[in-house]
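Notes for the one structure printed next.
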Amino acid sequence: DTAVSQTPKYLVTQMGNDKSIKCEQNLGHDTMYWYKQDSKKFLKIMFSYNNKELIINETVPNRFSPKSPDKAHLNLHINSLELGDSAVYFCASSQGTGGNTIYFGEGSWLTVV
Amino acid sequence: KNQVEQSPQSLIILEGKNCTLQCNYTVSPFSNLRWYKQDTGRGPVSLTIMTFSENTKSNGRYTATLDADTKQSSLHITASQLSDSASYICVVKSGGSYIPTFGRGTSLIVHP
C-alpha cells in the first residue's frame with residue numbers, strides 16, 4: 001500500500017547514457033513533483049505537474065524531461081548523464097498546490113560514473 | 001527573496017535528553033510552516049503543520065512552536081530516542097507561490 005513509489009531505487013550508470021526514473025502515486029492527488037537532494041542533503045524542487053500540466057520548471061537543464069501520462073504518474077527522463085547529476089531524486093505528490101502535505105517517495109539514488 | 005535558515009546544522013545528544021531545533025524564515029506572505037523528518041535512506045515525512053494563528057502544536061514527543069511576528073519556529077523533542085536520529089527539515093509555504101521554501105535541515109544524532 002505504498003503511497004508514492006518510484007523505481008529504480010538505485011541506479012549506477014556511465015556518463016553520456018540516458019536513463020529514466022518512474023513514479024506512481026495511489027493517493028488520488030492531482031499534483032506531483034520531482035525533487036533533487038544533493039550530497040549536502042538540500043532538497044531542491046525540479047518540476048511540478050498539476051493535473052498533468054507543467055506548473056513549475058526550476059531552471060533545470062533541458063536534458064531532464066518529465067512526462068506525466070496521467071495524474072497518478074510522473075516519470076523523469078535524463079539524457080546525456082553527467083557526473084554532476086549524481087544525487088538522490090525524490091518523487092512526491094500533494095492535493096493541490098495550496099500548501100497541503102507533500103508525500104515523498106523513498107528516493108532513487110543515481111550515481112553517474 | 002524567500003529564505004529558510006535552520007540551526008544548528010547538526011546536533012548530537014544522549015538518549016533520553018531533550019533538544020530544540022530552530023527555524024528562521026523570511027517567506028512572505030506567510031501561509032504555513034511544516035517540519036519534516038527524514039530518516040537516513042528514506043523520503044521526508046511531515047511531522048507538524050503550523051498556520052499563522054497557531055502558536056504551538058504537538059505530535060507525540062515532538063512539539064512545534066511558531067512566532068509569526070519574529071518569523072521563527074522551533075521543534076522541541078522530548079525524551080529523545082535512538083529512532084529520533086534523522087534530518088529535520090523546516091519548510092515554509094508562501095501564499096504567493098506554488099513552491100514551498102525548504103531549509104537545509106538539522107541533522108540529529110541520538111547516542112545510547
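Just so it is clear, none of the values below were taken in a lab; they were calculated from the coordinates. Please read all numbers here as calculations on a predicted model, not as lab measurements. Every residue, glycine among them, receives a Cβ derived from its backbone with ideal geometry; neighbour counts consider all protein chains shown.
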Could you list all residues from region B:28-53 that are more than 10 Å from every other protein chain (Cβ to nearest Cβ), surrounded by 15 or more Cβ atoms within 10 Å (Cβ to Cβ) and over 15 Å from the mean Cα position of the chain (by Cα)?
-> B:F30
Just name the residue that is nearest to the other protein chains (Cβ to nearest Cβ) out of those in region A:59-76 that are over 30 Å from B:S107 (Cβ atoms) and in a strand (DSSP E or B).
-> A:S68
Taking region B:65-94 on its own, how many of its residues are in a strand (DSSP E or B), within 20 Å of B:P29 (Cβ to Cβ) and small (G, A, S)?
-> 2
Criterion: farther than 21 Å from B:V92 by Cα, free of Cβ contacts under 8 Å to residues at least 24 places away in the same chain and of a type in the set (A, V, I, L, M, F, W, C) - qualifying residue of A:L54, A:L110 = A:L54
Has region B:69-85 got at least one residue that is basic (K, R) and within 14 Å of another protein chain (Cβ to nearest Cβ)?
-> no
Residues of region A:40-58 that turn out to be surrounded by 13 or more Cβ atoms within 10 Å (Cβ to Cβ), within 11 Å of chain B (Cβ to nearest Cβ) and in a loop (DSSP other than H, G, I, E, B), as a count = 3
If we scan region A:85-93, do we find a residue that is more than 13 Å from chain B (Cβ to nearest Cβ), in contact with an Asp or Glu (Cβ under 8 Å, 6 or more places away or on another chain) and under 26 Å from B:V92 (Cα atoms)?
-> yes
Does A:G96 satisfy the criteria of being under 29 Å from B:Q3 (Cβ atoms) and assigned to a helix (DSSP H, G or I)?
-> no
